[in-house]
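Reviewing the structure listed below.
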Amino acid sequence: MRITIFFIVLLGVMVFGAFEQEAYLFVQRLTSEDFETALSMCTDQVRKQLSLQNLSSIWNSLKSQLGGFKEIVAYEKTTQGEYEIYIFTLRFEKEDISALITIDKEGKVAGLFFTQSAGAKYEPPDYANLESFEEKDISVNGLPGKITIPEGKGPFPAVVLVHGSGPNDMDETIGPNKIFRDIAYGLSSNGILVLRYHKRTFVEKMDPTSLTVEEEVIKDALEAVRILKQREDVSRVYVLGHSLGAMLAPEIAERSKADGVIMIAPPARPLEDLMEDQLKYLQSLGLADNIEETLKILEKLRKKEFPPDEIVLGVSAKYFYDLRERQPVLTAKRLSVPMLLIFGGRDYQVSEKDQEIWTKELSDKENVKIVVFEDLNHLMMTGEGKSTPVEYMKKEHVDKRVIDAIVEWMVK
């Protein structure tokens with residue numbers, strides 16, 4: 001099926017800078033059906049040819065063909081003469097489509113075009129040598145997973161990958177990017193066995209009033225470590241966590257008696273504090289509105305003013321209270337096994353505040369190494385300027401320097 005709805009391109013004479021934020025905000029307004037605001041972001045010529053009623057009809061026509069809109073999946077950027085064209089992949093219930101947004105030299109939307117999506121096919125990073133390992137299916141407490149096994153008899157050092165927040169699949173797919181598949185392929189190309197699996201909340205619908213990180217994350221991670229420890233081709237087992245998984249990695253390692261810990265973008269502060277900083281940062285970029293009510297909710301969570309089973313910001317208050325009591329920094333200070341912490345200097349989700357806390361609290365421990373890559377974001381991918389959620393939808397790979405740092409640290 002080919003969907004062609006509306007397309008305008010105006011001639012221009014000036015070169016201009018990147019307008020990712022403008023394009024993303026337009027798509028946000030369109031997909032949330034705020035057509036009036038979306039039109040206000042268009043050029044005068046577009047507004048002359050496209051009325052509020054027309055835009056609404058176009059969108060409703062798409063929904064009638066494709067089902068309800070679900071999410072913005074990815075984007076790519078191209079240029080056409082003096083114009084920037086942003087190709088967003090939009091996911092509907094029945095099918096993905098592409099929305100081509102043309103931006104002029106003033107940052108205004110000069111064209112809108114819908115067509116069938118080619119899909120965001122995964123392409124392995126250059127550092128992955130697919131012939132140097134084999135990939136097999138595996139189950140962790142009934143959860144589907146994959147294990148990548150290097151060539152040879154071993155025994156190999158091994159890693160369990162522990163997801164960040166949200167219902168992540170085994171690849172920790174975010175937009176078109178597959179963070180954990182990149183890491184698994186990169187490490188296994190260098191003689192390290194890797195186990196990854198679907199997060200339980202990705203597979204099962206769990207009761208939000210009783211959910212804690214024990215059921216969501218920790219139990220399955222402990223089982224994954226146990227599985228690797230029983231394998232004859234494994235010499236030692238490490239826990240590698242990203243974001244929330246990195247926050248919980250010291251506890252998982254301590255309870256499972258793992259041989260080492262790798263923390264990628266590990267928060268050092270409670271979730272409420274992280275969320276407040278993230279909201280204020282996004283507001284400063286014009287990417288979050290009316291955050292005052294959410295900030296009040298976060299303050300009430302800090303004071304434990306909500307009943308434990310009350311749903312707050314998508315989960316129970318108990319979830320926040322439980323996570324706050326885990327104290328990952330204190331747990332890490334107790335550990336004597338090797339620990340590697342990796343941060344991105346452009347990470348607005350786990351910021352310099354967290355880096356400073358980890359560095360201060362662990363600086364006197366000889367078993368700890370801390371690495372900061374100044375140009376990487378929360379997904380350990382490169383970029384320039386201030387990081388935004390928009391760049392998470394651009395197809396990239398985990399930076400090779402992160403893979404190299406882990407390999408060098410593990411096999412030294």
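Summary table
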read-out: Residue tally, condition basic (Lys, Arg) and more than 20 Å from Leu248 (Cα to Cα), over region 258-285; value: 1
read-out: Residue count for region 357-398, restricted to those that are within 23 Å of Glu123 (Cα to Cα), open to solvent by less than 20 Å² (accessible area, probe 1.4 Å) and at pLDDT below 95; value: 2
read-out: Selection count where residues are in contact with a Lys or Arg (Cβ under 7 Å, 6 or more places away or on another chain) and open to solvent by 60 Å² or more (accessible area, probe 1.4 Å), scope region 276-315; value: 2
read-out: Region 299-328, residues that are at pLDDT 95 or above and within 28 Å of Gly383 (Cβ to Cβ); value: Pro328
read-out: Looking only at region 58-80, and only at residues there that are closer than 19 Å to Ala110 by Cα and either hydrophobic (A, V, I, L, M, F, W, C) or open to solvent by less than 70 Å² (accessible area, probe 1.4 Å) (or both), the one that is modelled with the highest pLDDT; value: Trp59
read-out: Cβ-Cβ under 7 Å pairs, at least 6 apart or on other chains, region 302-314 side at positive phi, far side outside any loop (DSSP other than H, G, I, E, B) and open to solvent by less than 80 Å² (accessible area, probe 1.4 Å); value: Lys304/Tyr321; Leu313/Ile297
read-out: Subset of region 56-112 [more than 13 Å from Ala23 (Cα to Cα), assigned to a strand (DSSP E or B) and in contact with a strand residue (DSSP E or B) (Cβ under 6 Å, 6 or more places away or on another chain)]; value: Phe69, Lys70, Glu71, Val73, Leu90, Arg91, Phe92, Asp96, Ile97, Ser98
read-out: Considering residues of region 211-225 that are under 16 Å from Pro144 (Cα atoms) and out of contact with any helix residue (DSSP H, G or I) (no Cβ under 7 Å at 6 or more places or on another chain) only, the residue surrounded by the most Cβ atoms within 10 Å (Cβ to Cβ); value: Ala224
read-out: Pairs, first touching a residue at least 12 places away in the same chain (Cβ under 8 Å) in region 50-66, second surrounded by 14 or more Cβ atoms within 10 Å (Cβ to Cβ) and small (Gly, Ala, Ser), C-beta under 8 Å, six or more apart; value: Leu55/Ala38
read-out: Options Asp354, Asp404, Asp347: the member that is of a type in the set (Asp, Glu), assigned to a helix (DSSP H, G or I) and open to solvent by less than 30 Å² (accessible area, probe 1.4 Å); value: Asp354
read-out: Hey, Lys318 surrounded by 18 or more Cβ atoms within 10 Å (Cβ to Cβ) and of a type outside the set (Ser, Thr, Tyr) or not; value: yes
read-out: Residues of region 14-42 satisfying the condition of being modelled with pLDDT under 90 and part of a loop (DSSP other than H, G, I, E, B); value: Met14, Val15, Phe16, Gly17, Ala18, Phe19
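The values are calculated or read from the model by the stated rules, or taken from the named source; none is laboratory data. Predicted, not measured: the structure shown is a model, and the values here were computed from it. Note that we place each Cβ from the backbone using ideal geometry, even for glycine, and neighbour counts take in every protein chain shown. We work out accessible area using only protein heavy atoms, side chains counted, and drop any ligands, DNA or RNA first. Shrake-Rupley method; radii C 1.70, N 1.55, O 1.52, S 1.80 Å.
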